[in-house]
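The values are calculated or read from the model by the stated rules, or taken from the named source; none is laboratory data. The structure displayed is predicted, hence computed values, not measured ones. Cβ sites come from the backbone with ideal geometry, for glycine too, and all protein chains shown count toward neighbours. Each accessible area value is taken on the protein alone, full model and side chains, heavy atoms only, with ligands, DNA and RNA left out. Shrake-Rupley method; radii C 1.70, N 1.55, O 1.52, S 1.80 Å.
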Amino acid sequence: MLLRIDPKSNVPLYEQIIMQIKELRAKGIIEANERLPSVRELSSQIVINPNTVSKAYKELERQGIIVTIRGKGTFVAEGETIAATDKEREKMKKSLEQLVIDSAYLGITKEELQQWINDLFQDLGGDIHDRN
């Protein structure tokens, strides 16, 4: 598993790990039940503090993306996607609303935004909900 951490990014390191693991899962690069590196292994691979990796793994586990089995390791959870709660859907809608506002301010058209979304879903292998 290859993660690329950008120490100059405004995005916290643990969030970069979370986003990249989610992306690898969504693209099918890592599969359900696949073993992930231990906290120590991953921290040495990407040269960051083990506490940062641990924080990312705890959040991924809370979200149901990974599971940790004591004495065996950390694994990708089964299932393609998890059902979003109403609160998560609302948060996503607010994020999208802000992107639309920022795009309008920058003169980016609705069609351009829609094409970007289509391209991003295509990069993930099409509509991820059609793969089940």
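Structure summary
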| item | result |
| --- | --- |
| Gyration tensor over alpha-carbon atoms, region 32-94, equivalent ellipsoid semi-axes in Å | 25, 16, 9 |
| Distance in nm between pseudo-label sites at LEU124 and ILE108 (7 Å out along the Cβ direction from Cα) | 1.7 nm |
| Gain upon complete extension [ARG70, GLU34; 0.36 nm per residue less C-alpha separation] | 11.4 nm |
| Evaluated over the chain, the Cα radius of gyration and Dmax, each in Å | 16.6, 54 |
| Tilt relative to the chain, helix 86-105 - C-alpha long axis, 0 to 90 degrees, to 10 | 50 degrees |
| Summed residue charge, Cβ within 15 Å of ALA104's Cβ, Lys/Arg positive, Asp/Glu negative | -3 |
| Carbon and sulfur %, accessible surface of the chain computed with the full protein complex present, 1.4 Å | 53 percent |
| MET1 paired with SER95, simple spin-label distance in nm, labels 7 Å along Cα-to-beta-carbon | 1.9 nm |
| Acute angle (nearest 10 degrees) that the helix 13-26 long axis makes with the longest principal axis of the chain, alpha-carbon atoms | 80 degrees |
